[in-house]
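Bear in mind these aren't lab numbers, they're just calculated from the coordinates by the rules spelled out. Small disclaimer: the values here were computed from a predicted structure and weren't measured. Cβ atoms come from the backbone with ideal geometry, glycine included; neighbour counts cover every protein chain shown.
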Amino acid sequence: MKEFDYENLNNLIITPEMAKKIGQIGELRGQLKNIQQQNPTMLDRLIEVAKIQSTDSSNRIEGIYTSNTRLRQLVEKKTMPHNRSEEEISGYRDVLDLIHQQYAYIPISDSTILTMHKRLFEFTASTWGGHFKDIDNQIITTFADGTSEVRFNPAPAFITPTLIDNLCNNYQKAVDKEEIPLLLLSGAFVFDFVSIHPFRDGNGRMSRLLMLLTLYQIGYGIGCYISIESLIEKTKTNYYDTLKDSSVGWNENTNSYTPFLNYFLSVILQAYRELAQRVKPDETCKVPVKALILDALRSELKPLAKRELVGLIPNYSQITIERELNALIKEQEVEKVGGGRSTKYILNNKK
């Protein structure tokens with residue numbers, strides 16, 4: 001049976017690159033320790049935006065989505081779901097809220113995982129919510145051109161409950177000992193959970209919720225302000241590639257955690273860097289919102305959706321950003337591309 005070697009993570013060697021990332025994350029975490037005192041209003045907006053982006057991105061990775069308007073209404077609990085996608089989005093929203101509010105009191109255990117999964121599907125007619133898989137499954141990667149491949153064959157259904165129980169116990173023991181950097185333990189736990197693939201559906205979303213929960217509990221609450229799920233969506237190809245690379249030899253306990261952990265650390269580091277960039281104290285508030293919109297479009301070097309602009313400019317409300325964005329379009333400084341939920345904005349270089 002698969003074993004979870006959380007004493008040394010299959011003889012993991014922390015590379016200089018990984019050590020550097022851990023150090024940089026720690027440094028930024030220290031600098032932002034008293035972030036709550038800097039600008040409460042801006043932080044409240046960051047929290048609001050992060051919840052919307054996390055709910056959106058984690059579901060979009062799995063091909064589940066709705067319109068931007070409906071998404072916001074669902075996250076703010078101002079409407080009820082109208083279809084299966086919105087039912088699953090609503091479930092994710094509720095589990096996400098639970099983690100944000102109660103993470104300190106949620107144990108890492110098989111019963112916790114089953115409860116979270118049940119809530120994830122609470123709005124749907126599915127009968128498997130809160131139950132481990134009863135049939136064997138495969139981890140399949142689907143590519144942009146519609147083709148797919150089997151990335152990994154997880155352990156059979158009949159030993160899944162035992163594997164999850166062993167995973168949770170070994171992870172918690174390792175966290176208590178703190179002999180391995182806690183960030184690496186969090187990343188390894190998420191990877192092993194995905195590799196077990198314990199449910200018929202919802203494994204990817206559950207892994208990202210568990211990522212947020214374990215990070216919170218080891219003192220890295222960055223997911224409150226910056227959507228880690230959104231960063232993963234933007235680097236989805238690398239996400240799947242590193243999962244695949246670290247899966248080789250998993251059933252035989254010979255897999256290397258290094259590819260996935262290196263990716264995991266990059267995502268967390270990027271999250272802290274984004275937060276440091278967005279929480280520039282008072283001087284940012286003195287810059288006109290039009291200038292901030294134009295600067296965001298220049299620096300990102302790609303078309304941006306409205307929700308992305310709102311996330312990049314937390315010191316102004318969404319209403320203000322929308323008003324000034326429309327003004328920039330009328331002034332032909334900015335133009336729209338696409339339509340509907342795919343609408344994005346770019347600089348008008350023809351002017």
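Here is how the numbers come out for the structure above:
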{"quantity": "Set of aspartates and glutamates with alpha-carbon distance to K2 below 18 Å, sequence-local pairs under 8 removed", "calculated": "D110, D136, D165, D192, D245, E252"}
{"quantity": "Fraction of the pair-distance distribution of the range 212-351 above 18 Å, Cα-Cα pairs, percent", "calculated": "65"}
{"quantity": "Protection proxy ranking of 151-164, 301-314 - average other beta-carbon atoms within 10 Å, highest first", "calculated": "301-314, 151-164"}
{"quantity": "Prolate/oblate/rounded call for the range 165-227, Cα gyration tensor, a/c under 1.5 rounded", "calculated": "oblate"}
{"quantity": "Over the range 282-347: Kirkwood hydrodynamic radius from C-alpha pairwise inverse distances, Å", "calculated": "11.8"}
{"quantity": "Two-decimal log10 I(q)/I(0) for the chain, as the Debye equation yields it once each C-alpha is a single scatterer, q = 0.11, 0.12, 0.14 Å⁻¹", "calculated": "-0.77, -0.92, -1.22"}
{"quantity": "Exposure proxy order (Cβ contacts within 10 Å, fewest to most) of D176, D136", "calculated": "D176, D136"}
{"quantity": "F132 long-range amide H proximity, modeled H, under 5 Å", "calculated": "none"}
{"quantity": "Candidates T237, T127, T55: whichever shows maximal mean-square fluctuation once the chain is modelled as a Gaussian network with Cα springs under 10 Å", "calculated": "T127"}
{"quantity": "Cβ-based exposure ranking for T320, T141, in which fewest neighbours within 10 Å come first", "calculated": "T320, T141"}
{"quantity": "When the range 1-150 is reduced to its Cα atoms, the Kirkwood hydrodynamic radius in Å", "calculated": "19.0"}
{"quantity": "GluC sites (Glu not before Pro) restricted to the range 200-293 and DSSP loop, no more than 15 other C-beta within 10 Å", "calculated": "E252"}
